[in-house]
Amino acid sequence: MNEEFYVGQIFEGEYPIEVSDWCTESDKYSIEEIDEKDGKRRFQIKEIPSLTPQEKEQQFLEDFFYIPQIGYFRKIPKGYNGLVEAMNTTFNLVSSLGYLPENTLQFYRIPDFTNEDQCSEEWLIANSFKNSQMTKEDFNNLYINCMTAWNKQEHL
């Protein structure tokens, strides 16, 4: 279907699946059921309200964990089930190699939540940074500090 969709558009009875796809892909719109008319169900395309800076910060802190003196780390890093698995895998790597190779871990800077340009995945990735090579002792200190902070935050 090569139909144009727009905010406020109403569909009676049912709506085409393409509307749902369009809303999902845009990440700005949703399709919501509204009051019936003449006994028919109706659906309307609505704009998803923008998050406040406080809500954006809350969302960020739900997805990222602060490691003191380093930066933020994803609670669920790509390729892992969670932060603990990622850190334990890295711990095993360091135990085997005797050091942490550079560019093994990815850290993030906290965005300015009042700046819309900084509140995107693209900005986070473009402003992320990776670790420099670390000695086994330096990594072990990072690991202990990280896991202690994680346990205090997530389990107490």
Considering the stretch 117-129, residues that are in contact (Cβ under 8 Å) with a residue 12 or more places away in the chain and either part of a helix (DSSP H, G or I) or among the charged types (D, E, K, R) (or both), and then whichever is surrounded by the fewest Cβ atoms within 10 Å (Cβ to Cβ), we arrive at W123
Taking only the stretch 130-156 into account, find how many residues are aliphatic (A, V, I, L, M) and either under 14 Å from K56 (Cα atoms) or surrounded by 14 or more Cβ atoms within 10 Å (Cβ to Cβ) (or both). 4
Please go through the stretch 90-116 and pick out each residue that is surrounded by 14 or more Cβ atoms within 10 Å (Cβ to Cβ), among the polar types (S, T, N, Q) and either in a helix (DSSP H, G or I) or out of contact with any strand residue (DSSP E or B) (no Cβ under 9 Å at 6 or more places or on another chain) (or both). T90
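Computed from the coordinates by the stated procedures, all read-outs in this text should not be read as laboratory data. Note that the coordinates shown come from a computational prediction; the quantities given were computed from them, not determined experimentally. Here the Cβ is made from the backbone with ideal geometry for all residues, glycine too, and neighbour counts use every protein chain on show.
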